[in-house]
Structures are given as C-alpha cells and as structure tokens.
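These notes are about the structure you will find just below.
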Amino acid sequence: MDYVLIIVIEMLRAISWLVLLASGLAIIFGMMRVINFAHGEFLMLGGYITIMSHNAGVNLWIAMLVLAPLCVGIFGILVERFIIRFLYGRILDSLLATWGLSLLMVGGVTLVFGNTVQGVSTPLGGVSIGAYQVPFYNFVLIGFAAVLMLAIWSVLKFTKAGLIARATMQNPDMAETLGIRTSWVYMATFGIGSAVTGLAGGLLAPLTGVVPSMGVNFVGQSFITVITGGASMIAGTLSASTLLGTISQGMTFLTGPVYGDAALLLTALVLLRVLPQGITGRIFKKSL
Amino acid sequence: MEKTLAKDIGFWVMLGIGLAVMFIGPMVWGLFEIMQITQYVVLSVYALSLAYIWGFGGILSFGQAAFFGLGAYTFAVASINIGETTVPFALSFLLPAAFGAALGYFMFYGRLSDVYLGVVTMVVTLIFWKLINHTAGPEYSIGAARLGGFNGIPSIPILNVPGDAKAWLDPAQMFQAFMGILIIVYLCLRLIIASDFGRVSVGIRENETRASLLGYDIRRHKVIIFAIGSGIAGMSGAMWATYQTFIDPNAFSMEMSAKALVWVMAGGVGTLAGPILAVILLQWLSLKLGTMHILNNYFILGAILMGLVLLLPRGLLPSLRLLAERLWHLGRQKMDASAASRKATSDV
Amino acid sequence: MTKLNRRGFLLASGATAATLSAPSILRAAADTIKVGGLHDLSGPLDASGIPMNQVLKLAIDEVNATGGLLGKEVEAVIYDPQSNMSLYSQYATQMALKDRVAVVQGGITSASRETIRPIFHRYQTLYFYNTLYEGGVCDRNEITLGTTPAQTVEQLIPHAMNLWGKKVYTIAADYNYGHITAAWVKRYVEANGGEVLETEFFPLDVTQFGSTISKIQAAKPDLVLSALVGTAHLGFYRQWAASGMKAEIPIASTTFAAGGTDAVILTPEEGNGILTSYGYYTSIDNPTNAAFKAKVKEAYPDDTPILSELSEVTWEGIMVWADAVRTAGSLDREALLEVMESGKSYDMPAGKVSIDPKTHHAIRDVYLAELQDQEFIIKETFPQVQPKDTQMVCNLEETPDANVHHEISLN
C-alpha cells in the first residue's frame, strides 16, 4: 500500500517536473512560433544563478524563486532584442541561431564559472510515508507546478496584459492595427518565458547540481512535451505532461529508466500520428 | 530553373572540380591531408541527403541522423558478419531507404504539418539513440557483432574491392572511391532534380495545394523523396563507419542531425554545392579550433553560428553568388542597363 | 591496411603542409622531442580533461627543468578533441602522421581510447592511457597505468561487506564500464558469501533518481554499490541524501570522484561517508606525493586542479616514458618498450608502480578511502596489486602482435 502511494507521488513529481520544464518553452513557442533550442541552457543559467548566489550568501529560496527568474528573464529580453527579433517568421533560422546560442552559453558559463561548482543540498529533508522516505522537496516541486499553471492561466484570462497577449497570438496583424505594439509583446513574452525557464532551473539546481553541459539532457523532453501538447499553452502543457509523465514513470518503475524514456518517446510518436496538431489541436480546442 | 542541365555552367564546373580533385588529389596530397579530405567527402554526401529532401522536396527532417546511424550500424553489423563489404554497403543504402519509406508513409499519409514532421523525425532519432545506447550488455549482439552500447562497435572492416575480400583499399584509394561516390550522388541528384519528377517536387515545395489540385499525388511523391534522402544518408553512414573503422551511438545524436541542418542552412537551402562548401568550412574550422587554445571552443563555434544566421541569412553560396552578381552588374551597368532583368541564375 | 612509405609521405606532406598545419609546429620539428596530449578541454568531459592536461604540461616542464631528454627540449603538442570521437580520431592521425610525436598521452573514456588506440597501433606511435577503466586492453603499443576493477573492486567489496552487511544493491552506468564493473561486483559479493539483490543500469543522461531510491528502499539492502558515471548521475547522491536515506543505508562506489571533482561538487552533508577505492588519493602520505602536490600548487596557484587518479597517473605517464628514454638513450619505440617491460619499479606520488610485462598494465598500490568533508581519508592500503582481470585474457609475451580490447567475461 505504501509502495503504491510512493509510486503515485513519484508520478506526480514527474508530471510536475515536465510542467516546469516545458512551460517556458510553451509560452515562447505557443505565442511566437519560435523554437528556442537554447532552452536547456536557459535552464542551466537559472541553476547557476541560484547556486552561485547561494554560495555568495544569499538565502536559497530567494536565489531560487527571485534571482534565477529575474536574471534569466532579463537575459531572455537581451537575447530577444539582439538576436530573435531579426528572425521572426523564420523558424529555422531562429532554430540555428539559438543552437549557436546554446553552444555559446555552454562555453561562456565554463569560462566564467568553471566546470566544478559545489552544489546546494536539497532543502527540507525527507518525509516518512509508511516504511518509505521521500524528499519533502518533491512536494515543493508539485506545488510550484500547480501554482505556475494557475498563475499563467489567471494572467491570460483576467488581466489586460493577458488579453493583449492572446490577441497578438491569435492575429498579430489585427492586434497591430488596434494599436498594440506587437514587437513589445513579443519581447515581453520572450522575457517571461525565459523567466519561467529560469525558475525551473532554479528549482532543479538543488536536485541535480549544475554543470555547463547539463542543458542537453532536457531539450528533447521539453520539446516533445510542448509539441505533443499542441498550440494552447496551459491545457496543452498540462495534458501532455500528465500523459507522458505517467507513462514514462510507470514504465520506469516496472522496468528501468531506459524503457521509461523509450515509452515516453513512443507515446509522443503515436499521439502525433493520431493527433497531428498535438493534443489540443483536437481536444480542449478552445482552452488557453 | 528553365535551363537544361547540359547548359548549366555551374553543374559542369562542379563536376570538373570533383573529377580533378579525385584524380589529382592523391598525387599532391600527403596521407594526412588525404584522410582529412576523405572526411569532408563523407560528410558532404551526408549533407547532400538533407540538401536534397529539404531544398528540393520541402521536407524538413530533424532526424537525418537516424538514417545516418542506421546505415552505419547496418554496415558495421553486416560487414563484421559477412567478412566483406560490398553487400553490406548496398544494404546500408537499401535498409535506411526502406525504413525511410516506411516512416515517410507513416508521416505523409498522416498529413503531418512542418513543425510536427520535424519533431516526429527528431523523436525517432532519439528513440534510436536511447535504445542503441542501452546495448552495452553481451546479450545485445547480432551474429558476430556486439552492438556495444555507448562504446560502439570497434574494428569495422575497411572497404574492399568488390569480389575480393582481402583487397582492402588504402587511404588514397578509399579517398578516390568516396570521391567517386560523391560525384555520382551529386550527378544523380542533379538528374533527378532536372527530371519531370524533380520539377513536380519543386512544385509541391512551392505550393502543395496547387500541386495536388493539378492532380499530383503529393504524399506518394514525398515518400519517394524522403526514401531517396534516407538511403543516401544511410550510405554516408556506412562510409563514415568504414572510414573511422568504428561507430558509436553519436551517429544517432541530435548533434549529428543538427549538423546536417547547419550545413544545409549555412551553405544555402535549395543548392547542392552550398552544403558541400559549408561542410568543408565548418569542419575545418572545428578541427582548427581544437589545435589552438583560445577561450573555449564551444563559445567560438556558437558565436560563429549565430553570426552566420544574422549576417548571411541566405547561406554562403547564394550570398557569394549575389555578391558576384552585384560586382558583375556594377561593372556592366553603364554598358547594359537591362542586364539585371535577365540575370542568369544557375541552381548549382 | 596501409603500405606507408615514410619518405614519400614526408616529401608529400612537407610540400603541402602549409595548407593545413600551424607553422609553429613545423618550425620546432628538428630540435625538440614532441609529446602529444589528447584530453577533452571543452564539452561535457572537460572537468576530467583539464586537470589531466594541466598535470601533463607540468610534468613536461619538470622533464625540461631536469635537463630535457637526449639533450633536447620536450615540447607539448596539445589538441582539444572537444568530447567528440571523430575529432579524437583526426587528431590522433594528425599526431602520428603529421606532427610525428614521440609519444601520446591521453584519451579519457573507453570509447575515446578504442578510437585512438588502433590508430597509434597502426602507425606505431607509443601510447599511454592514464585512466582507470574496465580492463581488457591487450596491445603492446599501449601502456595502461590506471587501475582496473580487479585491482579496486576486489578490495572495496569485502571491506564494505565487513562493515555493513551482506546484501548489496548495485546501481551502475549503462555502458560497457558499468556492465563489466557490475559483473565484478557480483563475483566478489558472492565470493564473500553475500548476495546482490538487484542490479540497475542508468543511461548517462538520467538525472532523476526518485523511482530508484524508492525501489532501493523496498529492497532493503545493507549497502548500495554505485558505479554511476558522470555529472548527471551526481543527482543520485544528492537525491539520496535529500530523502533522508543517507543515514539509513551506506554507499560504496567504484567511480565516485574518480576525476576528483565530484568530491567538491557535493556538499559535505551529501558526500560524507561514501567509500571508494582508487590508485591515488591526495591524502597519501609520502614525500614524493608531498613534493608533487607542492609543484602543482606552485604551477597553478589560481586554478589549482583537483588531483585524482586520472591526473596523478598522467604525471606517471610522462615520468615513466621520460625514464625509459633516458635509460634507453633513444626514442626508438622497441627500445623504450624493452626498458618498460624490464619490470622496473618507479617511485611515484601514488606509491610504488611497475609495469606488468604480460599486459602492459600497472602493478600498483591500491587504497581504500572514505569521504569526509570533501577530503578522502585513507582507511587501508593494499600494496602491489596485480591487474588480474587483464592478465586472464592477455599475455603479450606470447602474442606480442595483439591489438584488441577483450571484454572480460565472468560467466
């Protein structure tokens, strides 16, 4: 019985992790149709900022929840102004440019911070569930994923900024005609998407530690989640994360991590064949 | 576009350069240079496979490495088991082509759109990569060949003269054989592109709806193009395997897929010579960087890639051509004002 | 495969060398002895490669400071393969054919070694591999100074089982090294009357270990034996500590901090108590090691490398080779190999090292140490341990032309 509970918690954690991982990318891709290949490196940057500032004496939670999103968000805005801005409508060129950016960031971070940085212990310790112990941090992850989804949803649904964002997403030309500066909307979107990725990186850092080349481990998963989810940011990310997280974690428990990953990929493949526009291309069509 | 192949100067220039390099190269180059250039040749064939399906079929594959790796592993397993290399080499074209046709059927008859197509190809590559990395244990062997997981398969036989398993090619001969393959692939692709089939595929690339309203079966067309590209990629994988005499799962990596994209994009989509040029330049650069010790190589490569996209969005070859045309017109402007309207473009 | 004509090659390459090579390399050709260094200086493996390269340069400076070799200065030819196997093979070819180095030191992963080893074998360029690995290389041209599982796992398992109990849960990296090490672990655990409850393999890019940690808790072993590799896998130790399991079940590892850096990446709370066994630790107490550490500190005051078996053995690689050159009085490969095969014993920072003529692997002291506050405290020393695993499959005295990497089968 305890074991079943443990498995459920692990699945929830895996789902939350996919949500955190993919949200930033989903915002950028869903809104701007730009594929950010340096997504993993944005994550890495968030992790580095968390750990470096913690090692410099900043409180871990502030470093993780404030500094990491803030710095990565600002970095994202700079990237948008100096690179992405010139590449709108050219999906492939932006892909190539951001691939270059990802290499540059790996090299740059190695140059600046070196490749051996002492990590941070995962805070909050363990919790006993029956005969088992799980990190309490798992619940933090699950909580943040929920809060994040809720926050994005409320912003899009209830605020003026959300309305403008949705308008720009649906019809940029019309929005422009109505006096919205779409270029600023794009800049802000990219910044916010980056900040969310920075947050995910911050939350990841105490679990895995940081190295410059860590980003590559996450790019594939994030893309597949976003694309499987389809065009709508929240419903898409949530449904894809739930489906993929459950299947891969279930397989991992049954067999091992290799088949867990393979199951995730196969599911995505079959889904895309059945629903070529992603899950939200057919189901939950009208959702955000 | 309207010109026939025989009247295209660029085509004859390329062919001439190719033949010259093939026959004169080994006489003037030392062993090291030959091995180096052989690598460019192999990767050029790989780049051509994507240059064709993307530039002339409008199919963007993020998973060209799946076929490259499949060809390489096919060749490795078959040649270790058979003990000669001619049949394995043929298999390394046929098997990936068949797999490409099957995957193409799955994708194109499912009417997947661009980005999703890209992701499906990427996912397929990732699955291969995961699974082949998992084959470290002794239970994963095909006949005499151990798949070897992350470490890959060592001691892959060197290409031999067809029919004589003991007559291994030395580096200069291998270079000539590969150069010959490159020339043949280039020639075949140019012929396909110039044929009716090729014209229809360019038509589909330009406007799918129109082509289908004109009565062409787009899906079948795309499957064929994709299969040809997959076969060529597989063959280049076999060349890579026998050139290096080992192969590891990196052949299936995202990096390998991305490299093909980079070469085609940097060289110019819609050209065949451009990607070859890009292979030579970028591979040379990455090799050169490793022998110098400035900053960090990832940093510099990344900066160069970004610079390429921002400064030369059309790719190297089209940009060079444009530059040459501008200079040409500048010189002729006063003599012939109407030259600009009839400017000759070749689709090298 | 090739019928290489040296003179013809030299003429040809001399004529066209300007096209591809850096002029500085050519200029130095006549009056120096060149040593090749091939370590990943960028990319995922740079954390291991950079310290090895730093020590390599230091060792070469040391040789020059004591008068060079054969009256000539030793020059380092260093390339960065960028954690990329095809660059490894190209640079290896370049070193053998173009730079014509006297010896090459390098290669980190087994994959990189199996890429370059056949190249050096083919072109008869002496090669030193200075990394601990799974054992089984049989090639007279390669000198392998690092430890193999039979040297380290054999000490680690009985010690850990005496301390903690007989039920073992093995977690290992899913590649060649992990599989072979897991097989050795099983053999030694059973030889000592214990039981391996489960062996799980992880691809090198796995970062989340939650499900495994739960599975381990369900299996209730007395100890966890880790052969995890790489920085992604460090997440295991962190998540293990975070779930509060560290106080419950101890960990022994055949790979943890093999490159030195893991020990300082983990915080003391996460790392304390991990038991390992290698051929070198910085805390080894002998005058040679003290002098070695001082030299490293002096040469790299700001970016002092974290020393480990990998970097210390790189030092040995240069020193053993330099000694052979001095003794033989020439750079001839055969002469050098004969000197090294003579069973000579070298006084190194890691203790006494000699080369087993049958396998060209090192016979060396092996240590057992526990991590405390990011430093390894040596618990036990095992003098002059033989590379028994490789000896099972390789005898270069009988088959001097061997050129293989045996997969040592334990079944």
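Each reported figure results from applying straightforward, stated rules to the coordinates on display, with no laboratory input. Values in this document were obtained by computation on a predicted structure and should not be read as measured data. Using ideal geometry, Cβ is built from the backbone for each residue, glycine included, and neighbour counts are taken over all protein chains shown.
Strictly under 4.7 angstrom between C-beta atoms: which cysteines of the protein assembly as shown have no such partner?
Isolated Cys, the protein assembly as shown: A:C71, B:C188.
Name the most mobile residue of C:E316, C:E248, C:E154, meaning the one with the largest mean-square fluctuation, in a Gaussian network model of chain C with Cα contacts below 10 Å.
C:E248
Could you pull the Cα extents of the protein assembly as shown along its three principal axes, largest to smallest, in whole Å?
Computed over the Cα atoms, the extents are 84, 75, 52 Å.
Could you work out how far apart the two model spin labels at A:Q170 and B:D196 are, taking each label as a point 7 Å from the Cα in the direction of the beta carbon, and quote it in nm?
Label at A:Q170, label at B:D196, 4.8 nm between them.
Give the separation of the Cα centroids, segment C:336-371 to segment B:163-229, in Å.
If we compute the Cα centre of each part, the gap is 57 Å.
Would you kindly compute the Cα radius of gyration of segment A:2-215 and its largest Cα-Cα separation (Dmax), both in Å?
18.4, 63
What FRET efficiency do you get for A:R273 and B:R220 if R0 is 22 Å and r is their Cβ-Cβ distance, rounded to the nearest 0.05?
Numbers: r = 18 Å, r/R0 = 0.82.
E(calc), rounded to 0.05, equals 0.75.
Running a GNM on chain C with Cα contacts under 10 Å, which residue among C:T115, C:T314, C:T144 ends up with the highest mean-square fluctuation?
C:T115
List the DSSP H helices in chain A whose Cα atoms stretch 20 Å or more along the helix axis and whose mean Kyte-Doolittle hydropathy is at least -1.0.
On the way: long enough: A:2-32 (45 Å, 1.94); A:39-55 (24 Å, 0.34); A:68-82 (21 Å, 1.63); A:91-113 (32 Å, 1.81); A:137-158 (31 Å, 1.90); A:182-208 (38 Å, 1.10); A:216-229 (21 Å, 1.23); A:233-254 (31 Å, 1.11); A:257-274 (26 Å, 1.60).
Counting only whole DSSP H runs, the qualifying helices are A:2-32, A:39-55, A:68-82, A:91-113, A:137-158, A:182-208, A:216-229, A:233-254, A:257-274.
Please tell me the relative contact order of segment B:13-253 in percent, rounded to the nearest whole number, where contacts are Cα pairs under 8 Å and at least six residues apart.
Relative contact order for segment B:13-253 comes out at 42 percent.
Separation between the C:S345 and C:E398 pseudo-spin-labels, each 7 Å from Cα along Cα→Cβ, expressed in nm?
2.8
Only four residue types carry charge here, +1 at the Cβ of Lys and Arg and -1 at the Cβ of Asp and Glu. Report the dipole size of chain B about the Cα centre in Debye, rounded to the nearest 20. Please report the intermediate quantities before stating the final value.
Numbers: 22 positive and 17 negative charges, 188 e Å.
The calculation lands at about 900 debye.
Within 10 Å of each Cβ in peptide C:263-269, how many partner chain Cβ atoms are there on average? Round it to a whole number, please. The partial results should precede the final answer.
Numbers: counts 2, 4, 8, 4, 6, 2, 2.
Mean partner shielding for this stretch: 4.
From Cα coordinates alone, what are the radius of gyration and Dmax values for segment B:209-295 in angstrom?
Rg and Dmax of segment B:209-295, Cα atoms, are 17.3, 59 Å.
How many partner chain Cβ atoms sit within 10 Å of a residue's Cβ in peptide B:148-157, on average, as a whole number? Numbers along the way, then the final one.
Numbers: counts 5, 10, 12, 14, 7, 1, 7, 5, 0, 1.
Counting Cβ atoms of other protein chains within 10 Å of each residue's Cβ and averaging gives 6.
What list do you get for C:Y177, A:Y132, B:Y116 if you sort them by fewest beta carbons within 10 Å?
Details: C:Y177 26, A:Y132 19, B:Y116 22.
In increasing order of surrounding Cβ atoms, one gets A:Y132, B:Y116, C:Y177.
Among the complete DSSP H segments of chain B, which ones combine at least 30 Å of alpha-carbon extent along their axis with a mean Kyte-Doolittle hydropathy of 0.0 or more? All intermediate terms of the calculation are to be shown ahead of the outcome.
Details: long enough: B:31-55 (35 Å, 1.26); B:86-108 (32 Å, 1.63); B:171-194 (34 Å, 1.85); B:218-244 (39 Å, 0.55).
Helices meeting the criterion: B:31-55, B:86-108, B:171-194, B:218-244.
Per residue of A:251-258, what is the mean number of Cβ atoms on other protein chains within 10 angstrom of that residue's Cβ?
Details: counts 1, 6, 5, 1, 1, 10, 13, 9.
The per-residue average across the peptide is 6.
Given a Förster distance of 25 angstrom, what is the FRET efficiency for B:V87 paired with B:L187, based on the Cβ-Cβ distance and rounded to 0.05? All intermediate terms of the calculation are to be shown ahead of the outcome.
Details: r = 24 Å, r/R0 = 0.95.
Computed FRET efficiency for B:V87 and B:L187 comes out at 0.55.
Could you line up B:Y186, C:Y91 from fewest to most neighbouring Cβ atoms inside 10 Å?
Details: B:Y186 23, C:Y91 28.
Lowest to highest Cβ neighbour count: B:Y186, C:Y91.
Considering chain C as a Gaussian network with a 10 Å cut-off on Cα pairs, which listed residue, C:I78, C:I157, C:I249, attains the greatest mean-square fluctuation?
Result: C:I249 has the largest fluctuation of those listed.
Using every alpha carbon pair in segment C:149-278, what percent of pairs falls into each 5 Å bin from 0 up to the bin containing the largest distance?
The calculated distribution, bin by bin, is 2, 11, 24, 26, 23, 12, 2, 0.
Need the full-extension length gain, C:E190 to C:H406, defined as separation in residues times 0.36 nm minus the C-alpha distance. One decimal, nm.
Working: separation 216, 0.36 × 216 = 77.76 nm, distance 2.36 nm.
Full extension of this stretch gives 75.4 nm more.
Using alpha-carbon positions, what is the distance between the centroids of segment A:162-201 and segment A:45-62, in Å?
Each part's Cα centre sits 29 Å from the other's.
What share of Cα pairs, in percent, lie more than 34 angstrom apart in chain C?
Working: 24410 of 84255 pairs.
The share of Cα pairs beyond 34 Å in chain C comes to 29 percent.
What is the list of residues in segment C:341-380 whose amide nitrogen lies under 13 Å from a point 7 angstrom out from the Cα of C:T288, following Cα to Cβ?
It comes to C:344-355, C:363-366, nothing else.
Mean residue ellipticity at 222 nm from the helices of the protein assembly as shown, using -39,500 (n - 2.57) per DSSP H segment of n ≥ 4 over the full residue count, to the nearest 500 deg cm²/dmol?
On the way: 40 runs with 619 residues, N = 1047.
Mean residue ellipticity at 222 nm (helix-derived): -19500 deg cm²/dmol.
Cα-Cα over 27 Å: which of C:K297/C:K388; B:K130/B:K259; B:K222/B:K288; C:K34/C:K297; C:K98/C:K388?
Cα-Cα > 27 Å for C:K297/C:K388; B:K222/B:K288; C:K98/C:K388; rest within.
Would you mind calculating the relative contact order of segment C:149-278 from Cα pairs under 8 angstrom and at least 6 residues apart, reporting the percent as a whole number? Working shown, then result.
Working: 210 pairs, mean separation 36.8, N = 130.
That works out to 28 percent.
Return a whole-number percent for the relative contact order of chain C, with Cα pairs under 8 Å and 6 or more residues apart as the contact set. Mind showing how you got there, number by number?
Details: 794 pairs, mean separation 74.4, N = 411.
Worked out over chain C, it gives 18 percent.
Please list the radius of gyration and Dmax for segment B:13-253, considering alpha-carbon atoms only, with Å as the unit.
That works out to 18.6, 57 Å for Rg and Dmax.
In nm², what is the average projected area of the convex hull enclosing the Cα atoms of segment C:305-402?
Working: hull surface 30.2 nm².
Result: 7.6 nm².
Which values of log₁₀ I(q)/I(0), to two decimal places, follow from the Debye formula for segment B:57-161 at q = 0.12 Å⁻¹ with a uniform point scatterer at every Cα?
Evaluating at q = 0.12 Å⁻¹ gives log10 I(q)/I(0) of -0.47.
Where a ≥ b ≥ c are the square roots of the eigenvalues of the C-alpha gyration tensor, would you call segment B:17-119 rounded, which needs a/c under 1.5, or, failing that, prolate if a/b is larger than b/c, or oblate? List each step's numbers first, then the result.
Details: a/c = 3.01, a/b = 1.54, b/c = 1.95.
Because a/c hits 1.5 or more and a/b fails to exceed b/c, segment B:17-119 counts as oblate.
Starting from the Cα of A:R90, step 7 Å along the direction of its Cβ; do the same at C:I377; then give the gap between the two resulting points in nm.
Going from the A:R90 label point to the C:I377 one covers 6.2 nm.
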